[in-house]
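Engineer: The structure follows.
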Amino acid sequence: MMRIGKSTDIHRLKTGGTLKLGGVIVSEEMSTLAHSDGDCLIHAVAESLLGAAALGDLGTHFPDDDARFEGIDSTRILAEVLKMIEEEGYRICNVDCLVMLEKPRLKPHREAIRTQLADLLGLDESRVNVKATTAEGLGVIGEGKAIACEAVALLERKLVRL
């Protein structure tokens with residue numbers, strides 16, 4: 001059985017701090033406003049995996065009003081989600097991601113993000129895609145006030161032998 005999950009995550013941006021995407025630092029001049037470390041890409045990927053397995057959303061499992069998750073490294077969130085989908089008997093086929101951000105340009109970081117994300121997911125890089133686009137100056141993303149990430153994940157049920 002194949003299952004597809006899709007998710008979008010958006011965060012406001014602020015001056016200062018560290019901006020991480022897929023576990024990779026892409027800027028030390030800006031960061032996200034978030035309860036966790038604000039890795040928008042990992043959030044989108046984790047939630048797409050939860051969706052594909054019909055396990056709810058990040059807010060259900062990691063509520064932003066719970067002090068235990070304040071400042072949490074998003075890679076820990078992803079690790080927990082991976083355990084959840086494994087316990088449900090699923091494995092990841094592939095993940096496709098899109099980052100929407102005006103600045104900084106992600107081209108110099110794209111392969112490092114892809115490599116890191118594949119490693120975090122336990123996948124060959126050929127099963128992970130990371131794309132980036134700007135908003136051409138339109139809306140809060142185009143004005144440099146926000147970042148948005150989308151992810152689509154395909155899961156398959158592991159075969160059970162009797």
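Engineer: Scan the stretch 91-114 for residues that are assigned to a helix (DSSP H, G or I) and touching a strand residue (DSSP E or B) at 6+ places or on another chain (Cβ under 8 Å) and report the count.
Structural biologist: 4
Engineer: Can you tell which of Leu117, Leu82 is part of a helix (DSSP H, G or I) and surrounded by fewer than 19 Cβ atoms within 10 Å (Cβ to Cβ)?
Structural biologist: Leu82
Engineer: Where residues in the stretch 24-57 are charged (D, E, K, R) and in a loop (DSSP other than H, G, I, E, B), which of them is surrounded by the most Cβ atoms within 10 Å (Cβ to Cβ)?
Structural biologist: So in the stretch 24-57, the residues charged (D, E, K, R) come out as 28-29, 37, 39, 47, 57.
From what's left, in a loop (DSSP other than H, G, I, E, B): 28-29, 37, 39, 57.
Working: Glu28: 10, Glu29: 11, Asp37: 21, Asp39: 26, Asp57: 12.
Filtering first and then ranking leaves Asp39.
Engineer: Output the residues belonging to the stretch 137-162 that are on the phi > 0 side of the Ramachandran plot and at pLDDT 95 or above.
Structural biologist: Selection gives Gly139 alone.
Engineer: Another question, then. In the stretch 58-68, which residues are in contact with a Phe, Trp or Tyr (Cβ under 9 Å, 6 or more places away or on another chain) and either aromatic (Phe, Trp, Tyr) or part of a helix (DSSP H, G or I) (or both)? Working first, answer last.
Structural biologist: If we filter the stretch 58-68 for residues that are in contact with a Phe, Trp or Tyr (Cβ under 9 Å, 6 or more places away or on another chain), which is where we start, we get 62-63, 68.
Matches in the stretch 58-68: Phe62, Arg68.
Engineer: When the stretch 130-162 is examined, which residues are found to be part of a strand (DSSP E or B), surrounded by 15 or more Cβ atoms within 10 Å (Cβ to Cβ) and not charged (D, E, K, R)?
Structural biologist: Across the stretch 130-162, the qualifying residues are Val130, Ala132, Ala146, Ile147, Ala148, Cys149, Ala151, Val152, Ala153, Leu154, Leu155.
One line per residue, one yes/no per condition, for (1) closer than 16 Å to Gly22 by Cα; (2) more than 16 Å from the chain's Cα centre (by Cα); (3) not hydrophobic (A, V, I, L, M, F, W, C):
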site: Leu49; (1), (2), (3): yes, no, no
site: Gly59; (1), (2), (3): no, no, yes
site: Asp65; (1), (2), (3): no, yes, yes
site: Ile85; (1), (2), (3): no, no, no
site: Pro108; (1), (2), (3): yes, yes, yes
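Engineer: So if I check each of Arg110, Arg76, Arg114, which one is among the basic types (Lys, Arg) and more than 30 Å from Gly142 (Cβ to Cβ)?
Structural biologist: Testing whether each residue is among the basic types (Lys, Arg) and more than 30 Å from Gly142 (Cβ to Cβ) leaves just Arg76.
Engineer: Is there any pair with a first residue in the stretch 1-18 that is free of Cβ contacts under 8 Å to residues at least 40 places away in the same chain and a second that is hydroxyl-bearing (Ser, Thr, Tyr) whose Cβ atoms are under 7 Å apart and which are 6 or more apart or on different chains, and what are they?
Structural biologist: Every condition considered, the pairs that remain are Lys14/Ser31; Gly16/Ser31; Gly17/Ser31; Thr18/Ser31.
The values are calculated or read from the model by the stated rules, or taken from the named source; none is laboratory data. Nothing here was measured: the structure is a model prediction, and the numbers come from that model. Using ideal geometry, Cβ is built from the backbone for each residue, glycine included, and neighbour counts are taken over all protein chains shown.
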